[in-house]
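*Asks:* Encoded as structure tokens, here's the structure I'll be asking about.
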Amino acid sequence: MLIVETHKDVPTQHGGNMRINLPTRIPNGCHLLTASEIYQVTGPVERFARQIAGHGYVVAAPSSYHEFTGPEALAYDGPGTDKGNAWKIEKKLSAYDEDATLSIDTLISLPKCNGRIGATGMCLGGHLAFRCAMDKRIRAAVCYFATDIHSHSLGEGKQDDSLDRIKDIHGELAMIFGKRDNHVPPDGRDLIRKTLHESGTTFSFYEMAWAQHAFIRDELSKGRYDPALAGICFQILRELFGRTLSGDLGPREGDGGEVEDVC
């Protein structure tokens with residue numbers, strides 16, 4: 001399926017213009033926000049966005065660090081990692097939220113938007129997709145190995161309120177981690193899952209055996225890419241977004257009441 005790529009540069013109150021890359025299938029369909037990792041919109045993020053777009057979505061992939069630099073991606077090396085990690089905690093939490101709002105506004109303004117918006121992202125982008133889901137316009141979010149949620153350490157001051165605001169999430173979540181992810185260790189994953197349960201959020205929670213952090217990133221410099229598991233996880237994404245965004249099945253039924261205790 002053919003893909004056309006455009007972009008919009010959107011002014012922000014926190015500084016600079018945020019570039020939103022817009023890979024789109026011809027013809028287009030539903031709309032989806034893909035948040036970038038600490039390296040901004042890299043080749044793997046672009047290819048991930050194009051893959052999603054190929055299934056009938058207009059995808060918005062905004063740059064994260066417009067306050068500090070241009071829209072160009074950082075390199076997957078020591079200096080690039082240092083810059084990305086430094087800017088991640090220099091940027092204000094309110095600026096991340098403004099980026100999400102402006103990106104959703106941009107998608108809503110596009111022709112043929114049916115108003116059904118989803119969010120996804122990896123690493124930093126997984127956390128940003130989680131926060132995007134606090135916007136009532138987001139029907140579903142797929143968060144790949146979302147960092148800093150368990151430690152409340154995103155943004156300036158490293159005191160984010162993402163766990164505290166879980167009740168603001170009204171759409172459905174899919175949380176995906178690798179069991180060998182040392183960025184979000186087992187107790188951190190347990191905390192996220194427990195808090196989601198206690199809040200009554202509708203969610204699925206996946207932990208892939210043997211997978212490390214960033215296992216869907218299709219570059220080999222860090223030796224973590226697992227294409228087989230990445231493919232399985234993409235099917236999880238397709239099922240959730242297909243059911244909540246591109247389908248017209250109406251509201252779910254049968255969610256209330258007691259579950260019958262039979263085999």
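Read-outs: derived from the displayed coordinates by stated rules, not from any lab. This structure is a prediction, so every number in the text was calculated from the model and none was measured. Cβ placement follows ideal geometry from the backbone for every residue including glycine, while neighbour counts extend to all protein chains displayed.
*Asks:* Just check segment 10-133 against the gyration tensor rule for me: Cα atoms, a ≥ b ≥ c as the square roots of the eigenvalues, rounded for a/c under 1.5, and otherwise prolate or oblate depending on whether a/b exceeds b/c.
*Replies:* Prolate, since a/c reaches 1.5 and a/b exceeds b/c.
*Asks:* Once phi is turned into θ = phi - 60°, what whole-Hz ³J(HN,Hα) does the Karplus curve with 6.51, -1.76 and 1.60 give for every residue of segment 131-137, x standing for Gly and Pro?
*Replies:* 6, 4, 5, 6, 7, 4, 7
*Asks:* List the residues whose amide H sits under 5 Å from the amide H of VAL142, counting only those 5 or more places along or on another chain, with H placed 1.01 Å from N in the peptide plane.
*Replies:* Sorted by chain and number, the residues that satisfy this are ALA119, THR120, GLY121, ALA174.
*Asks:* In whole Hz and in residue order, list the ³J(HN,Hα) couplings for segment 72-80 that follow from phi through the Karplus curve 6.51 cos²θ - 1.76 cosθ + 1.60, θ = phi - 60°; x for Gly and Pro.
*Replies:* Per-residue couplings from phi come out as 5, 6, 7, 6, 7, 9, x, x, x Hz.
*Asks:* What nm value, rounded to one decimal, do you get for the distance between THR12 and ARG238 when each label is placed 7 Å out toward the C-beta?
*Replies:* Distance between the two pseudo-spin positions: 3.3 nm.
*Asks:* Starting from the 7 Å offset along Cα-to-Cβ, what nm value, one decimal, do you get for the label separation of ARG180 and CYS263?
*Replies:* In this crude label model, ARG180 to CYS263 measures out at 3.8 nm.
*Asks:* How high is the relative contact order of the chain? Use alpha-carbon pairs under 8 Å, at least six apart in sequence, and give a whole percent. Write out the running numbers ahead of the final one.
*Replies:* Working: 529 pairs, mean separation 39.5, N = 263.
That works out to 15 percent.
*Asks:* Mind listing the phi-derived Karplus ³J(HN,Hα) values for segment 32-41, rounded to whole Hz, using 6.51, -1.76 and 1.60 with θ = phi - 60°, and x for any glycine or proline?
*Replies:* Result, ordered by residue: 8, 9, 10, 7, 8, 8, 5, 9, 6, 8 Hz.
*Asks:* OK, next. How about segment 163-252: which chymotrypsin sites (Phe, Trp or Tyr not before Pro) there lie in a loop by DSSP and see at most 12 other Cβ atoms within 10 Å? Don't skip to the end; give the middle numbers.
*Replies:* Details: sites: PHE177, PHE203, PHE205, TYR206, TRP210, PHE215, TYR225, PHE234, PHE241; in loops: TRP210, PHE215, TYR225.
The qualifying sites are TRP210.
*Asks:* Can I ask one more? Please list, ordered by chain and number, the residues whose modelled amide H lies under 5 Å from the amide H of LYS91; skip anything fewer than 5 residues away on the same chain.
*Replies:* The list, which skips near neighbours in sequence, is GLU156.
*Asks:* Need the full-extension length gain, ARG165 to ASP187, defined as separation in residues times 0.36 nm minus the C-alpha distance. One decimal, nm.
*Replies:* Details: separation 22, 0.36 × 22 = 7.92 nm, distance 1.97 nm.
Gain in length upon complete extension: 5.9 nm.
*Asks:* Same structure, new question: Nothing charged except the Cβ atoms of Lys and Arg (+1) and of Asp and Glu (-1): what's the magnitude of the dipole of segment 3-246 about its Cα centre? Round to the nearest 20 debye.
*Replies:* Values: 28 positive and 30 negative charges, 143 e Å.
Using only the charged Cβ atoms, the result is roughly 680 debye.
*Asks:* Just flag the GluC sites (Glu not before Pro) in segment 154-263 sitting in loop per DSSP whose Cβ has no more than 15 other Cβ atoms within 10 Å.
*Replies:* GLU156, GLU219, GLU253, GLU258, GLU260
*Asks:* Around PHE203, which amide H atoms from residues at least 5 apart in sequence, or from another chain, sit under 5 Å from its own amide H, with H modelled in the peptide plane?
*Replies:* Close amide H contacts, sequence-distant or interchain: LEU173.
*Asks:* I would also like to ask the following. Roughly what % antiparallel, to the nearest 5, for the DSSP beta bridges in segment 3-246?
*Replies:* Working: 13 of 39 bridges.
If I count the DSSP bridges inside segment 3-246, around 35 percent turn out antiparallel.
*Asks:* Just how large is the dipole of segment 136-206 about the Cα centre, in debye to the nearest 20, putting +1 at every Lys and Arg Cβ and -1 at every Asp and Glu Cβ? Spell out each step's value before the answer.
*Replies:* On the way: 11 positive and 11 negative charges, 60 e Å.
Value, rounded to 20: 280 debye.
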